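Data first, discussion second: the structure below is written as structure tokens.
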Amino acid sequence: MYRNKPLLRAVASLPCQLCGKENETQAAHANWGEYGKGMGMKAHDCYVAALCVSCHYNIDQGSKLDHIERKEAWEAAWRKTIRELFEQGLVGPK
């Protein structure tokens, strides 16, 4: 299982990659088995998206999105998160 606390802090420093809200961002792990999620186990830390509390809730437990929409929203935010981490120099070569 891949764990990386500095990566989680870097992700949480970004604005929400769905709505743009700042200062309430969390590193939201994927909720699907193909990303390493298991019973009582979070996905690998490389599968986290920068989401505000509200967007994180809507993807994890909200009733506004169906299963497919939740996954698509999280994956879109994850792709944006990875790009932002590299563009801002928070990951990559030093």
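The values are calculated or read from the model by the stated rules, or taken from the named source; none is laboratory data. Treat the numbers as computed from the prediction; the structure is a model and nothing was measured. No Cβ is skipped: glycine too gets one built from the backbone with ideal geometry, and neighbour counts run over all protein chains shown. Quick note on the areas: whole protein, heavy atoms, side chains included, nothing else; ligands and nucleic acids left out. Shrake-Rupley method; radii C 1.70, N 1.55, O 1.52, S 1.80 Å.
Restricting attention to segment 39-94, the residues that are part of a strand (DSSP E or B) and loosely packed, with under 12 Cβ neighbours inside 10 Å total 1. Please determine whether any residue of segment 10-26 is within 9 Å of the chain's Cα centre (by Cα) and open to solvent by 50 Å² or more (accessible area, probe 1.4 Å). Within segment 10-26, one or more residues are within 9 Å of the chain's Cα centre (by Cα) and open to solvent by 50 Å² or more (accessible area, probe 1.4 Å).
It is to be established whether one or more residues within segment 30-47 are over 16 Å from Trp78 (Cβ atoms) and either in contact with a helix residue (DSSP H, G or I) (Cβ under 6 Å, 6 or more places away or on another chain) or of a type in the set (Ser, Thr, Tyr) (or both). Give the derivation first.
Of segment 30-47, the ones over 16 Å from Trp78 (Cβ atoms) are 38-41.
Then keep just the ones that are either in contact with a helix residue (DSSP H, G or I) (Cβ under 6 Å, 6 or more places away or on another chain) or of a type in the set (Ser, Thr, Tyr) (or both); that gives none.
Looking through segment 30-47, none of the residues is over 16 Å from Trp78 (Cβ atoms) and either in contact with a helix residue (DSSP H, G or I) (Cβ under 6 Å, 6 or more places away or on another chain) or of a type in the set (Ser, Thr, Tyr) (or both).
Condition check for Ala10 on (1) touching a residue at least 60 places away in the same chain (Cβ under 8 Å); (2) in a strand (DSSP E or B): one failure, at (2).
Of everything in segment 23-38, what is in a loop (DSSP other than H, G, I, E, B) and without any contact (Cβ under 8 Å) to a residue 24 or more places away in the chain? Give them in sequence order.
Looking only at segment 23-38, we keep the residues that are in a loop (DSSP other than H, G, I, E, B), and these are 23-24, 30-32, 36-37.
Within segment 23-38, Asn23, Lys37 meet the criteria.
Checked against (1) modelled with pLDDT under 90; (2) touching a strand residue (DSSP E or B) at 6+ places or on another chain (Cβ under 9 Å), Thr81 passes all but condition (1).
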